[in-house]
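These notes concern the structure reproduced below.
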Amino acid sequence: MVIPTFVRQGLAGQPITVFGDGTQRRSFTYVGDVVRAMVALIDEPRAVGEVFNIGNGAEISINDLAERIRTLTGGRSEIVRIPYDEAYEAGFEDMPRRVPNIKKIGALVGYSPTVDLDEILTRVIEHSRQQ
């Protein structure tokens, strides 16, 4: 839920809160792309019993995501980094990189994401402004 949180903070002019040092890398996928992929898998008999990653192979650091959202929401928010040891219980670990390999689903049903991160952000920001 990092995108909606960053967007709400940015639109309100509040600090955008990044947990950790922000170098962790993630990929984000439009829910419509996920639904389309799942329907394609349901309709594909060869998918039965198989495991697939569904997502987007494009990745971004959390720092870069926060910067991009700050710019798109008006650029007034400070970006604040909170170390994991202050935000979570002792022993918390985070994966430095979470990016799905979507080659298998692409080969089986032709899946590839159609909505890129900038469009996802535009849609989330517009929706949040209307709330």
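Taken together, the values in this text are just the output of simple stated rules run on the coordinates, not laboratory data. Note that the structure is predicted; figures quoted are calculated from it, not measured. So basically every Cβ, Gly included, is an ideal-geometry build from the backbone, and we count neighbours across all protein chains shown.
As an exercise, use a Förster radius of 22 Å and the Cβ-Cβ distance of Gln130 and Val2 to find the FRET efficiency, rounded to the nearest 0.05.
Working: r = 21 Å, r/R0 = 0.93.
Once the sixth-power term is evaluated, E becomes 0.60.
At 222 nm, what helix-only mean residue ellipticity would the chain give, in deg cm²/dmol to the nearest 500, using -39500 (n - 2.57) for each DSSP H run of four or more?
Numbers: 6 runs with 58 residues, N = 131.
The helix contribution divided over the chain gives -13000 deg cm²/dmol.
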- prompt: When the Cα atoms of the stretch 1-77 are enclosed in a convex hull and the volume is divided per residue, what value in Å³ results?
  reply: 102
- prompt: Hey, of (i) 2, 10, 17, 18, 16, 14, 11, 7, 4, 1, 0; (ii) 2, 10, 18, 22, 20, 14, 7, 4, 2, 1, 0; (iii) 2, 11, 22, 25, 20, 11, 6, 2, 0, which did the structure itself give for P(r) over Cα pairs in 5 Å bins from 0, in percent when calculated?
  reply: (i)
- request: Take the Cβ-Cβ distance between Val31 and Val80 as r, set R0 to 35 Å, and report the resulting FRET efficiency rounded to the nearest 0.05.
  value: 0.80
- request: Starting from the Cα-Cα distance between Tyr88 and Ala12, subtract it from 0.36 nm times their residue separation and give me the gain in nm to one decimal.
  value: 24.9 nm
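Pairs of Cα atoms under 8 Å, at least six residues apart: use those to get the relative contact order of the chain, whole percent. Before the final figure, lay out each step's value.
On the way: 171 pairs, mean separation 54.7, N = 131.
42 percent.
Considering only DSSP beta bridges with both partners in the stretch 2-130, what is the antiparallel share in %, to the nearest 5?
On the way: 2 of 8 bridges.
In the stretch 2-130, DSSP labels about 25 percent of beta bridges as antiparallel.
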